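These notes concern the structure reproduced below.
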Amino acid sequence: MDLTIAREDLAFRDEVRDFLETNVPRSLQRKVELTTAFLTEPDISLEFHKALHKKGWSVFNWPKEYGGPGWTAVQRYIFDTECARYNAPMYNGAGRMMLAPVLMKFGRQDQKDFYLPRIASGEDHWAQGYSEPGAGSDLASLKTKAESDGDHYIVNGQKIWTTLAHKSNRIFALVRTSTEGKRQEGITFLLIDVDSPGITVRPIVGNGGDHEFNEVFFDNVRVPKSNRVGEENKGWDCAKYLLEFERGGSLVAGRVRAQFTRMVELVKRSCPDDRDITMRLAELGTDLDAMEMIDISVLSKLQSGSNPGPISSLVKMRWSQIRQQITELALDAAGEDALKWIAARPLYETLKLPGEEEEILSITPRYLNYRAYTIFGGSTEVQTTIMAKSMLGL
Ligand SMILES: Cc1cc2nc3c(=O)[nH]c(=O)nc-3n(C[C@H](O)[C@H](O)[C@H](O)COP(=O)(O)OP(=O)(O)OC[C@H]3O[C@@H](n4cnc5c(N)ncnc54)[C@H](O)[C@@H]3O)c2cc1C
């Protein structure tokens, strides 16, 4: 891994800054700052994504042969860090970051030709249909079934916690096509249009007040067999491969650092002499530096076209914990001011107050929402088990 900043890299950084200066106006930054959910709404992020697309940067994590910009690890690091500094919103992580690598590895040529450009342009927004009421950590116990009917499958069942399904036009789903043999060997990976007859999306509102996720019901939904990725009953390979990218496929250090920096400012304002808080701040800063190094090592793997591998579990687990600790510290630093939160959502549409006050009002809902970090994408306990087996050989 060579992270030397060369003269061309500095020129690239200036180009990124110019681009962000033009395309991330203060009004957009404010919306991102006041988003307490863990993802920005597609309505907020789409316009910026289109600007990235026009510039040839929308699928910055993809290999050049599929339309990626062909950046080095240093350029990708610069881009991510600058986007975080400007609070630029990110669009369609499920499509760009999770499904796309699966299509590149397991998809047919016609699937790549059809779906990848639509992810790049922002035309398609994808949701992830993995979890079910009885299948979360134990994903292989999923029951949504797809029965063969000529050149179609008929899908029946239910998914849950489906992030942004209400804003997505497509969903990739794991379905059961066989109950013979090992449970993992009867699962198939399907691409489904959300507006297909028989699909119902019902909202679930989180404890922080945001409507981020949903239940998705499938009632005799007809899905063409040509929408299957990989072979029938071999969807578990796609599923596991995708999870590596979900857990370790994006560089988040810049985003977490931006959040950390805002929290340092809060501590300076609210409780600069609190020794306990200052110590926790210092520990968090050290953890953040250490994790950034790990993030960068994964990044150089990704930029050279590899999948992250089992280290994705470590990355997912530690960043989730650090993000949560930042929100806990913010809550403690704000003290009773944190009780001033209002339930109305979204905050950026509701608030007409000056900056600092707005930030205080976002502390509690963000704290509540961020409890989910150690659950979604595979809980901390599950990541610990994966690491014990795959990294420590236990
Ligand atoms: C905000 C949010 C967004 C999400 N978005 C999506 C989405 O878009 N698409 C999607 O498909 N899913 C999504 N999920 C679902 C997520 O993947 C599951 O919640 C997660 O896998 C845990 O499954 P579960 O909720 O069924 O909990 P369970 O599996 O029932 O786990 C409950 C508790 O038991 C522990 N546990 C379970 N098994 C073990 C074990 N073997 N060893 C030790 N401890 C164990 C868990 O760690 C957890 O603490 C989302 C979840 C959240 C919270």
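Coordinate-derived values only; no laboratory data. The shown structure was predicted, so the numbers you read here are calculated from the model rather than taken from an experiment. Every residue, glycine as well, gets a Cβ built from its backbone with ideal geometry; the counts of neighbours run over all protein chains shown.
Could you list the residues of the range 95-112 with an amide nitrogen less than 17 Å from a label point located 7 Å from the Cα of Arg118 in the Cα-to-C-beta direction?
Zone members listed by number: 95-104, 107-112.
Ignoring everything except DSSP H segments at least 4 long, calculate the 222 nm mean residue ellipticity for the chain; use -39,500 (n - 2.57) per segment, divide by total residues, nearest 500.
Using -39500 (n - 2.57) per qualifying helix, the result is -15500 deg cm²/dmol.
So which lysines can Lys31 reach, going by Cα to Cα under 19 Å and dropping same-chain residues fewer than 8 places off?
Those lysines meeting the cut-off are Lys50, Lys167, Lys352.
Count neighbours as other Cβ atoms within 10 Å of each site's Cβ, and list the trypsin sites (Lys or Arg not before Pro) in the range 98-167 that are DSSP loop with at most 13 such neighbours.
Answer by residue number: Arg108.
So for the range 1-57, Kirkwood radius off the Cα pairs, Stokes-Einstein at 25 °C and 0.890 mPa s: how many µm² s⁻¹?
Answer from the Stokes-Einstein relation: 186 µm²/s.
If you average 1/r across every pair of different Cα atoms in the chain and take the reciprocal, what Kirkwood value do you get, in Å?
22.0 Å
Restrict the search to the range 178-278; then list the trypsin sites (Lys or Arg not before Pro) that DSSP places in a loop and that have at most 10 other Cβ atoms within 10 Å of their Cβ.
Hits after loop and neighbour filter: Lys182.
For the residues Thr380, Thr144, what sequence is obtained by ranking on other C-beta atoms within 10 Å, fewest first?
The order, fewest Cβ neighbours first, is Thr380, Thr144.
Select from Ser148, Ser168, Ser45 the residue whose mean-square fluctuation is largest in a Gaussian network model of the chain (Cα-Cα springs shorter than 10 Å).
Comparing Ser148, Ser168, Ser45 in the GNM, the peak value goes to Ser148.
Specify whether the C-alpha gyration tensor of the range 83-148 places it in the rounded, prolate or oblate class, a ≥ b ≥ c being the square roots of the eigenvalues: rounded for a/c under 1.5, otherwise prolate if a/b is larger than b/c and oblate if not.
oblate
Which residues does the label zone of Val264 cover in the range 281-321, counting backbone N under 12 Å from a point 7 Å along Cα→Cβ?
281-286, 288-289
Quick one: compute the contact order of the chain, relative version, from alpha carbon pairs under 8 angstrom and 6+ residues apart, as a percent.
For the chain, the relative contact order is 16 percent.
With respect to the cross-link table entries Lys145/Lys234; Lys143/Lys240; Lys55/Lys240, which display a Cα-Cα separation exceeding 21 Å?
Lys55/Lys240
Between Asp195 and Lys143, how many nm apart are label points set 7 Å from Cα along the C-beta direction?
3.2 nm
Please compute, for the alpha-carbon atoms of the range 95-208, the extent along each of the three principal axes and give them in descending order in Å.
41, 39, 27
For the range 221-287, take N as its residue count and report Rg(C-alpha) divided by 2.2 N^0.38 Å.
With N residues counted in the range 221-287, Rg over 2.2 N^0.38 Å equals 2.04.
Could you tell me whether the range 152-256 comes out rounded, prolate or oblate from its Cα gyration tensor? Rule is a ≥ b ≥ c as square roots of the eigenvalues, rounded for a/c under 1.5, then prolate if a/b exceeds b/c, otherwise oblate.
oblate
By counting other Cβ atoms within 10 Å of each Cβ, how are Tyr115, Tyr86 ranked from fewest to most?
Tyr86, Tyr115
Nearest 0.05, what FRET efficiency do Lys301 and Ile154 give at R0 = 51 Å with Cβ-Cβ as r?
Here the calculated transfer efficiency is 0.80.
Output the 0 to 90 degree angle, nearest 10, between the alpha-carbon long axis of helix 355-370 and the longest principal axis computed from the alpha carbons of the chain.
40 degrees
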